[in-house]
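Below is a structure I'd like to ask you about.
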Amino acid sequence: MKKLTLIFTILTLFSITLNAQNFAKSGVIEAGGSLGFSSQTAVFNRQSDDKSTAAISIEPFVGYFIIDGVELGLIPSFVRSSYGDNSNSMFEIFFAPVYNFDMRGNLPVH
């Protein structure tokens, strides 16, 4: 099992290295995002509150390079928070224009 995991890791890193050569070029689609969870319980005078606060967030990202280095992206954001029996949901969409600087890495480009 360890050998299989090592081989998979090496192949993944190798494919990422090869694909990174075309990053920030016109026509490339970038996908990513984040997923978060938090939970808090208030403590006062060494006594914990009976209720806790919890929040979960989901924020996928998709971007498209319209020209080399210039990307237009969208980030839909969904957050749900709760305190005891009360809950709140929020949905937002963010427009994300991006310029990526080409730092000319030390890897040879073929």
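Coordinate-derived values only; no laboratory data. Since this is a predicted model, take the numbers as computed values, not measurements. Backbone-built Cβ (ideal geometry, glycine too); neighbour counts: all protein chains shown.
Determine the gain in length on full extension of the stretch PHE61-PHE78; use 0.36 nm per residue of separation and subtract their C-alpha separation, reporting nm with one decimal.
Values: separation 17, 0.36 × 17 = 6.12 nm, distance 1.21 nm.
Difference between extended and current length: 4.9 nm.
Please enumerate, by chain and number, the aspartates and glutamates with C-alpha under 13 Å from the C-alpha of LYS25, excluding those fewer than 8 residues away in the same chain.
By straight Cα distance, LYS25 reaches ASP68, GLU71, ASP102.
Residues with beta-carbon under 13 Å from that of THR53, excluding THR53: net charge, scoring Lys, Arg +1 and Asp, Glu -1? If you can, show how the numbers build up before the last one.
Working: positive: LYS51, ARG80; negative: ASP49, ASP50, ASP85.
Local net charge: -1.
Subtract the Cα-Cα distance of VAL28 and ASN45 from 0.36 nm times their separation in residues, and report this length gain in nm to one decimal.
Between VAL28 and ASN45, full extension yields 0.6 nm more.
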